[in-house]
Amino acid sequence: MAKIGEFELLVVLAILRQGDEPYANNVRRDLVTNAKRSVTRGALYRTLDRLKDKGLIGWDIEPSTSAERGGLPMRRLNVTEKGVETVRASRAVLLDFFEGLGAILDP
Amino acid sequence: MNNQPPAFPHALLARALGRDDVARAILGDLREDFALMVRMRGARSARWWYWCEAIALSVSSATTRLVDWIRPHPGTKTLDKIMANSFGTYGITRDVRHALRAFRREPGFFGLAMLIVGLGVGAGTAVFSVMSPLMLRDLPFQDPDRLVWIAKSADPTGGMTAVTSRTSNLRDFRRLSESFEGLTGYNAFFEQGGYNLVGSGDPERLVGAGVAQDFLEVLGVVPALGRNFVEEEGVFGGRPAVILTHGFWRRRFASAPGIVGTSINLNNVPVEVVGVLPPSFDFASTFAPSTRVDFLLPWPISDETDNQGNTTSMIGRLRPGATIESAQAELDLIVQGLQEAEPNRWGLDAAVSDLREKIAGSYRSAMFLLAAAAGTVMLIVCVNLSNLLLAKGASRTKEMAVRGALGATRPRLLRQLLVESLVLALGGAVIGTSIAFGVTRAVANSASLNIPLLRTVSVDAVALLFTLGLAVAAGIVMGIMPALQATDGRGTSAINDTSRGSSAGRGAAKVREALVVAEVALACVLLVVGGLFLKSFQNVLEVELGFQPEEVVGWTVSTSRSFETQQEETAFFQQLAVNVEAVPGVEAVGLIDALPLGRNRTWGTLRGVGMEYEDGELESAFPHLVDHRYLPTLQVPLVAGRHFGVRDTEDTPRVIILNESAANAVFRGQDPIGRMVTNIGREFEVVGVVADVRHQSLEEGAGWQMYYPFTQIGDFQTMDLVVRSRLPVETLVPGVAAALRATDPTIPRGEYQSLTEIVDRSVSPRRFLLVLLGAFGGTALLLAALGIYGVLSYSVTERIPEIGIRMALGESGSHVQRRVVGRTMALAGIGIAIGTLGSFVGTRVIGSLLYGVNPTDPVTFVAMAMILLSVSALAGYLPARRASRTDPTTAFRSV
């Protein structure tokens, strides 16, 4: 199983959350708004590269649909089978560790 | 609207990212967000944002590539790389390591060098950060380029009344003008309103700024929470509503997210909180620096507010395509038309100007001066470091020669030395950044600085980039000369040379002396500028205020009570004054509608009854509503006649006290006592004349002032209570607070400040400038002294054998000492001469920032030259003493 850091995990989850529009800008906005993380563009793109190197995500380049991009292509992100597997394993570990801590966490 | 991102950063980023599809997709992402920013914050803001993002992303991408490139790739033979990159960047890490090793060997020298760079970079970054919100960043509004300020008159003399308008002007301009997408305004006299927050805890006096219903809309400010005012709230007597400022919401309500929709109790009236402003828009810091605003409330554009006279500061948003000139031309026509239709209408005029200019314009020259001063310090730093490195370089010529002999090319050696100075500069940048962080934090938190947008000052990403650029530039500038000198390729001759400290460094010594001269000259300019500002500041502080601020504390008292009659209200305040007067330790009290150096207004002009005046002879006059105790309490000297007394009431003839300027001008030197004047359509008998009081600022003259008994003219909303007492403020406050509570429990008691504080705040921009210039001047002096010391110390060490021989042949120690000090003075003298000449030319441009001192003030010039000479002499004395104690036998042994 590939190793995955906390921010990487958030990025993979954010890609999955975007539904039909898994683009970097949407991922970044999601992380900033809903995960309350300050995410610089550079950090996000580096993380995407790293996740791809690990084989957890991939992408397809597609022509842009909006005039605002000035004709520049879009990168549709996707999470690989290995990526989904890794996220699943992370969740299992987290749930295991949360188990039985209700008394402390929800006083 | 311009939706194209700026070309240069776009090209830069495209280059940094490369040409593949992913890079193009990233460029597209940025472009998409740019379009979003244009819609949200306006084109100018978005361009600025794009610059920051593109530069940050370029740096990030370049760093990633560099790291990838330096990191050894599996399978690549090191030798191949060396062969391929003998002149490129390969081995840069080794150069850096080499530099770090050199620093470890001599931590003292390099620590000092880094500290020096740190001072320069810190000064530069701090000044850049302070300048940035005023000069570089956009105003916190959408599309701020199209926002304009519409004053009543372009001439600011006559106080705030002269630049504010009646609300009927705003109403008519809105109706008739086509140049604007929106026209709005706020009540410029908002500080007069008192709102007591009652309910939980002690009552607190709040300051609310009245704004037209569409104010936020025209500026393009979206509330962080809740909504804008709606029409039912914007009309006179409409549903009470407030929008809280972000700071107040955080402070008083702990950022409670559920605040919108709840009510707060202001002056015993429940008022609905409809919104919270975003943190980016600090109303007070933008429009009225050094005041405080807790909430916005609607300012109706109606007949009722129109009757209050010139009250409203007008702001317009130009339609796309409209310019300030075209808008001005249109408003001129409208004004003319309205005036013809209504010849008796007063206060009808309009002067359009850029909003940014209005907010930041008057600070521009001061900011440029600071930037120039910081730049000069940075230059001195570079010269100084260059000098130190030259001295170091002399001892390394041999090392370089050896390495050259072993096959290192000159570019390779140059690169190594430059990397060294770059690493040094970057180390300095780290120190400098922490200095800048400290300075900007202090500046942003300083409540007493009367400069707009200061609360938003911080070391942001752009400032950090600036620092990085500055450090790299400094590294190259200070390193290039020593590097060239150390590698001048004299080959083996260098190996033999310098070992005996003979004539080896002759050329180097000349260069170093020239550098010291340059340093002294630059320091001289900075000192002269600093000296002129010090003198201006002293002049300002010595200004005759016209009142005695010492041992006086002012309270703003606003009551939540409502009064049936004017008489009842004045009786209430009279009673309050009597109660406070009875507090032990209180010597005198008085009441006025606004303390000096605070807000000001004018009420038309004054005319002596029976006098004829020429055009332009009459000035606007500033009214002050006071009780009979105020003028004696502030110890405003009575020049003629009498003060007001208890007998001046609503039922007795109307009376007025004039200041000397008004009395002399209105009656052309005749005795004014007992004469009648007209103002605001009524006649008043002049009963007294008092000294001029500087009430606008310390630098501005008093103008025409008139004092009315507040029992006769009741046009005030809050009163300021002045209390004279020898007790320390903290001892006095509880007693006065108790007396206020006894009179009316709803009066907030925390609103006090000593008058000396008020005077202090009014000179704060000047002090701010002086402190910074002083710090720069001091640094420059220190560095120049260090430079002189370094050069002479080095030349003495180098010439020990020569001095030894001279002394053996009979030259006395004191003669040697005199010779070295003489050399110092010669260097300093040349530097000062050049510096004085430079200052003579340079200080002319700062004339407008000075007060009561000539830019070429000979006293300052001479004094600063003397300081520089003495410090130089001191710096030269230590090496001179060492030289005079040379023991000839030791000296011979070293030959």
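All of the numbers you see were taken from the coordinates with simple rules; none came from a lab. Note that the coordinates shown come from a computational prediction; the quantities given were computed from them, not determined experimentally. Cβ coordinates were reconstructed from backbone atoms using ideal geometry, including for glycine residues, and neighbour counts include every protein chain displayed.
Report note on the peptides B:462-475, B:244-257: ranked by the mean count of other C-beta atoms within 10 Å, highest first, their order is B:462-475, B:244-257. Restricting the calculation to Cα atoms, the protein assembly as shown shows an Rg/Rh of 1.04 when the hydrodynamic-style radius is the Kirkwood one. Put the Cα centre of the stretch B:602-640 next to the Cα centre of the stretch B:736-767 and the gap is 26 Å. Mind jotting down the distance between the C-alpha centroids of the stretch B:23-47 and the stretch B:514-556, whole Å? Here the two parts' Cα centres lie 46 Å apart. Shielding value for B:19-27 is 6, the average number of Cβ atoms from other chains within 10 Å of each residue's Cβ. Label zone (A:Leu95, point 7 Å along Cα-to-C-beta; backbone nitrogen cut-off 11 Å) within the stretch A:1-42: none. Could you tell me the calculated FRET efficiency between B:Ala514 and B:Glu612, based on Cβ-Cβ distance and R0 = 56 angstrom, to the nearest 0.05? In this case the efficiency is close to 0.20.
The smallest convex shape that holds all Cα atoms of the stretch B:175-249, its convex hull, gives 131 Å³ per residue. Whole-percent P(r), the stretch B:622-741, all Cα pairs, 10 Å bins from 0: 12, 40, 32, 13, 3.
Note on A:Lys52: lysines with a C-alpha under 18 Å away, same-chain residues under 8 apart excluded, are A:Lys3, A:Lys82. Classify chain B from the C-alpha gyration tensor, please: rounded if a/c falls under 1.5, else prolate or oblate depending on whether a/b exceeds b/c. Prolate, since a/c reaches 1.5 and a/b exceeds b/c. With the simple model of a label 7 Å out from the Cα in the direction of the Cβ, B:Val430 to A:Ala2 spans 3.4 nm. The per residue volume of the convex hull around the alpha-carbon atoms of chain A is 121 Å³.
The H on the amide N of B:Asn600, modeled in the peptide plane, is under 5 Å from the matching H of B:Met160, each at least 5 residues off or on a different chain.
Taking amide H as placed 1.01 Å from N in the peptide plane, the amide H of B:Val655 sits under 5 Å from that of B:Glu685, each at least 5 places away or on another chain. Using 0.36 nm per residue and subtracting the Cα-Cα separation, the extra length available between A:Glu21 and A:Asn34 on full extension is 3.0 nm. The value of relative contact order for the stretch A:58-107, using C-alpha pairs under 8 Å at least six residues apart, is 28 percent. Counted as membrane-span-like here are DSSP H helices of chain B whose alpha-carbon atoms extend 27 Å or more along the helix's own axis and whose Kyte-Doolittle mean is 1.6 or above; these are B:107-131, B:461-486.
The mean number of Cβ atoms from other chains found within 10 Å of a Cβ in peptide A:61-73 is 5, as a whole number. The helix-only estimate of mean residue ellipticity at 222 nm for chain B, built from DSSP H runs of length n ≥ 4 each weighted as -39500 (n - 2.57), is -17500 deg cm²/dmol after division by the residue total.
For a paramagnetic label modelled at 7 Å from the Cα of A:Thr80 toward its Cβ, which residues of the stretch A:1-35 fall within the zone defined by backbone nitrogen distances under 11 Å? Taking a point 7 Å out along Cα→Cβ of A:Thr80, the residues of the stretch A:1-35 whose backbone N falls under 11 Å are A:2.
Computed across the stretch B:254-374, the Kirkwood radius stands at 18.9 Å (inverse of mean 1/r, all Cα pairs).
For B:Arg629, nonlocal amide neighbours, meaning residues 5 or more places apart or on other chains whose placed amide H falls under 5 Å from its own, are B:Leu591.
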